[in-house]
Amino acid sequence: MNLILGIVVVFGCVLGGFAVHGGQLAALWQPSELLIIGGAAIGALIIAKIQFQASPKRVAAGIGGLNDERRAIQEGSLPRAVLGDV
C-alpha cells in the first residue's frame, strides 16, 4: 500500500509541478525515447543471456539479492575478504 501511495505522490508532484510552471504535459510523452531505452534494456539482457547464461528470472533474483548484501554490510556480517579493504 505504501508503495502505491509513494508512486502516486511522486508522479502527482512531478507532473503537477511541471504543469504549474507552464509545461505542456503532452511534451513528456516521447515514444521514441521509450523505444530507445526499452530496446537498450532488452538488448543488454540478450547479451547477458548469451555471455553469462543469465535468464530474466536470474536477473530479477540478482536484483532482489542486492538488499541482502546491503543488510549484511550494514550488520557487519560479511567477511573482510569479501568487502576488501574498506
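Structure values in brief
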quantity: Verdict on Ile37 being of a type in the set (A, V, I, L, M, F, W, C), out of contact with any Gly (no Cβ under 9 Å at 6 or more places or on another chain) and at pLDDT 85 or above; calculated: yes
quantity: The stretch 13-30 - residue that is part of a helix (DSSP H, G or I) and modelled with pLDDT of 90 or more and, of those, farthest from Val59 (Cα to Cα); calculated: Val20
quantity: Enumeration of residues in the stretch 1-25 that are loosely packed, with under 10 Cβ neighbours inside 10 Å and under 20 Å from the mean Cα position of the chain (by Cα); calculated: Met1, Asn2, Leu3, Ile4, Leu5
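The values are calculated or read from the model by the stated rules, or taken from the named source; none is laboratory data. This is a predicted model, so every value here is computed, not measured. In this analysis, Cβ positions are derived from the backbone assuming ideal geometry, glycine residues included, and neighbour counts consider all displayed protein chains.
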